[in-house]
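Read through the structure below, which is laid out as structure tokens, and then see the notes.
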Amino acid sequence: MSLGLFQALTISARAMDTQQAGIAVTGNNLANVNNPNYSRQVLDISTSISVPTDIGMEGTGVQATGVQQIVSQALNSQIQSENSTASYWQTQQQALEFAQSDLGQQITSASSSSSDSSQGIASSLSDFFNELQNFSADPSSLSERQVLIGKASTLASQFNQVSQQLGALTSQLNDQLQTDVTNANQLLSDIAGLNQQISTEQIDTNSAPNDLMDMREQKLEDLANLVNFSVSSEANGSLDISIGGVQMVSGFNVTNTLSTYDAGGGQMLVEAGNGQTVTPLTLTGGSMAGEIDARDGSVATLNNNLNTLASQLITAVNTVHETGYGLNGTSKALFFTGSDASDIAVNTALVNDPSLIQASGTKGVTGDNTVALEMAQLANQLNPNLDNQTFGQSYDNTVATLGQSLSSASNEVSDQDTVQQMLSQQRSSISGVSLVEEMGNLSAYQTAYEASAHFMNAIDQMLQILVSLQSS
Amino acid sequence: MMRVTTNSISDTLIYQIDRVSANEQKLENEATTGLAVQNPSDNPGAMRSILDLEAESSAVTQYQANITQLQQQATTASSAMQSLQSIISQASTIATEADGTTNQSDLNNYATQVSQLIQEAAQAMNTQFEGNYLFSGTLNSTPPYVVNQNSSGQVTSVAYQGNTSVPSIEVAAGTTLSVLPVGANTTGSGPGGLVTDSRTGADLFNHLISLQNDLLAGNASTINGADLSNLQNDSDNVTQQIATNGALQQRMTAEANIAQTQVASLSQLTSSQADSDLASVMTQLTQTQTAYQAAVQATVGFQDLQMSILNFLD
């Protein structure tokens, strides 16, 4: 004896249920077409259990067995690591762009038309040495002395300004690092929380909580933007996270949190701690490492180079100036005070009384310009402390070095952009929603639903015939 | 086959449009400023060269200013030397004319004229340039000569108040130059003395004073002899200084020409590094704009595609 008409009714009911579930999954996919964190879902369908009958195994129709998320874990972890790299270079690029604008060294007009189209310290330095030439041509003139003080003060204050702005950039990078650390800690605790929810739901419903997993993937990618980490998965679906070899999340718990510490001289670095032990971390990717490396790398180099240049300039000019005599026979006065770019200034005594500038090599001979000329000729002197370059060349080199770092960072950012675009295409290809596909599925489910309904109708009519036979 | 999804198409389009826009912005910036390099990161190597070249150009421009300063000094000095030469010539004429004169009152008149010439010579020697005395060496805030007279207006002495060093300034990297003689140099070395120089035996003021005194005393033989030949010697000395001055002026002109050529070639070098190749930029810009339009067109096409599948299923 084969299965009865009621069993056939059940088959059609289950079929309609299954198609309906398919339509629900399709609807969900369509609804999330523009959700960048969403991974498309498909309905898993299988035949329901066959029943042994007289005529053999007889099918009982179809059943929905689960909703599966289409993701590639390998691709996701690659995206995380590329995120770290991209974010590292973006942070560097941003910091160096600030440094470049702090330096203010730009070419502003077509050079063919003007001899000083550059601005910034380069032209101030030229102006200062050129004015020393003018001064050496008329060393007793008070007005030339006044002009010289003006040019020297401009140069000094430009050094001060750049130095101060680079200082501000450094503390801004420290602040960003602090913010990143706070955000990373929040993300770590979010991930631990999601681990717990995912594991619980998996036990309760015996199926994967797709949306929670999407959410956790998003948190992981956010964390990757901040810092490079490694992930290992547990049997219960939890993901364990470690940063720089220190375990941060284990199962449902945050085992260590990040904090910044001062490695000396305001150099903020990152460490992991759990209240008992503290481990300094060496970060390799993400914006945190970008901030640290920009600050201790190119920005620090720029600052050091400017400081060296300023201190060499102070020493060289003062050494010559000290040997001379002022208009009234005064001697031994400094021309520049200060020790580096941050505090270089023209000696206030000279500013107040330019006649104290010591241009003459012979006491009481005001027309003598030997010292002024010697100061002017410092412009062409190769300085062993500046890699055997002149002051101007050393500065130009500093500018080019910064430009090179920024240019490399920008190239890395651009390359990384392409890599990310490719990965996102791949992910989209695997996990993305296709309207065409979904519309096709929608039609298929709809048609199958309709067919099952017809089938149910047919069985119903057959049953009615049976019932009417009995009642007659 | 790679699965193409709805957003992968639009993402790609956005990415392409972004890239094209960024490129277009860069090219437009180049086209409007005419500069291939603006910021150090645009081309660090070129930036370095441009800054170096500009510093060099600025220094050479300064040397040009220094040269102009020296040229002006030399011209002013030259005109003082010319007056000195004319004074010497007048004194020589007086000495020659006085030769046949025995009338003491005529001789006294001549003597007065010589006193006058001494004053004029001192005035010429006290020529100033931009507020500084040209011929007192580096003591250039002091007039080089003061004339001392007795009560009857005769010159008793003319004292040199300057020194024997002259300031030199740079006319090219490492090359310093001075164009001025001093008033008197009896050290036997250093810059030439315009009126007194132990090397040539020139001592104009003392020789003029001798002439004045000899005229007053009626020493006809000395006037015609030693005085006249001394004046000739002084004149030779001034002539020599005028020649030196002329040579220096020529050298200045040469230095100025070199500097000018340098500035021009430096500017050309800078321009070759900094200026954008407008023809190529404009061509690239047109290409980029076409690419942009194509990308935007593709977006519209994509939208149509999306609409058509929905219309079809409707």
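Brief remarks on what is shown
- Protection proxy ranking for A:72-82, B:182-192, A:300-310, B:47-57, using the average of other Cβ atoms within 10 Å per residue and placing the highest first: B:47-57, A:300-310, B:182-192, A:72-82.
- From the alpha carbon centroid of region B:115-145 to that of region A:392-406 is 51 Å.
- Shape of region A:249-301, Cα gyration tensor, a/c cut at 1.5: oblate
- Euclidean distance of C-alpha centroids, region A:22-94 and region B:192-266, integer Å: 106
- Taking θ as phi - 60° and the Karplus parameters 6.51, -1.76 and 1.60, the scalar couplings of region B:61-71 work out to 4, 5, 4, 4, 4, 4, 5, 4, 4, 5, 4 Hz in sequence order, x denoting glycine and proline.
- Summing Lys and Arg as +1 and Asp and Glu as -1 over all other residues whose Cβ lies under 15 Å from the Cβ of A:Ala444 gives a net charge of -3.
- Residue with peak Gaussian network fluctuation, chain B [Cα springs, cutoff 10 Å], from B:Asn230, B:Asn108, B:Asn140: B:Asn108
- Using the rule -39500 (n - 2.57) for each DSSP H run of four or more residues, divided by the residues of the protein assembly as shown, the 222 nm mean residue ellipticity is -22000 deg cm²/dmol.
- For region B:55-268, the relative contact order comes to 26 percent (Cα pairs under 8 Å, sequence separation of at least 6).
- Peptide-level mean, for B:161-174, of C-beta atoms on other protein chains within 10 Å: 4
- With a cut-off of 12 Å on the backbone N, the residues of region B:96-135 near the modelled label site 7 Å out from B:Asn224 along Cα-Cβ are B:96-102.
- Candidates B:Val171, B:Val155, B:Val281: whichever shows maximal mean-square fluctuation once chain B is modelled as a Gaussian network with Cα springs under 10 Å: B:Val281
- Highest-fluctuation residue, B:Ser115, B:Ser276, B:Ser152 considered, GNM on chain B with Cα pairs under 10 Å: B:Ser152
- Placed amide H near A:Thr65: partners under 5 Å, 5+ positions off or other chain: A:Asp44, A:Ile45, A:Ser46
- For region A:463-468, Karplus couplings with θ = phi - 60° (6.51, -1.76, 1.60), whole Hz, Gly/Pro x: 5, 4, 4, 4, 5, 5
- Residues A:Gln420 and A:Asp343, FRET efficiency given R0 of 51 Å [Cβ-Cβ distance, rounded to 0.05]: 0.70
- With the Kirkwood sum run over all distinct C-alpha pairs, the protein assembly as shown has a hydrodynamic radius of 35.1 Å.
- Residue-wise HN-Hα coupling along region A:334-350, computed from phi with Karplus coefficients 6.51, -1.76, 1.60 (Hz; x: Gly, Pro): 7, 8, 9, 10, x, 10, 8, 4, 6, 10, 4, 7, 7, 3, 4, 4, 6
- Virtual paramagnetic centre 7 Å along Cα→Cβ of A:Val436, amide N under 18 Å, in region B:275-314: B:298-314
- Straightening the chain between A:Gln267 and A:Gln7 buys 86.0 nm, computed as 0.36 nm per residue apart minus the Cα-Cα spacing.
- By the beta-carbon count within 10 Å of each Cβ, the least crowded to most crowded order of B:Leu107, A:Leu469, fewest first, is A:Leu469, B:Leu107.
- For B:Gly137, nonlocal amide neighbours, meaning residues 5 or more places apart or on other chains whose placed amide H falls under 5 Å from its own, are B:Asn163, B:Gly183.
- Listing A:Phe98, A:Phe159 from fewest to most neighbouring C-beta atoms within 10 Å gives A:Phe98, A:Phe159.
- For residues of A:129-141, the mean tally of beta carbons on other chains within 10 Å: 5
- Sequence-separation-based contact order of chain A, relative, with Cα cut under 8 Å and 6+ spacing, percent: 22
- Peptide A:433-440 is shielded by partner chain Cβ atoms: per residue, an average of 5 of them sit within 10 Å of its Cβ.
Computed from the coordinates by the stated procedures, all read-outs in this text should not be read as laboratory data. Source: prediction; values computed, not measured. Reconstructed Cβ throughout: ideal geometry from the backbone, glycine too, with neighbour counts over all protein chains shown.
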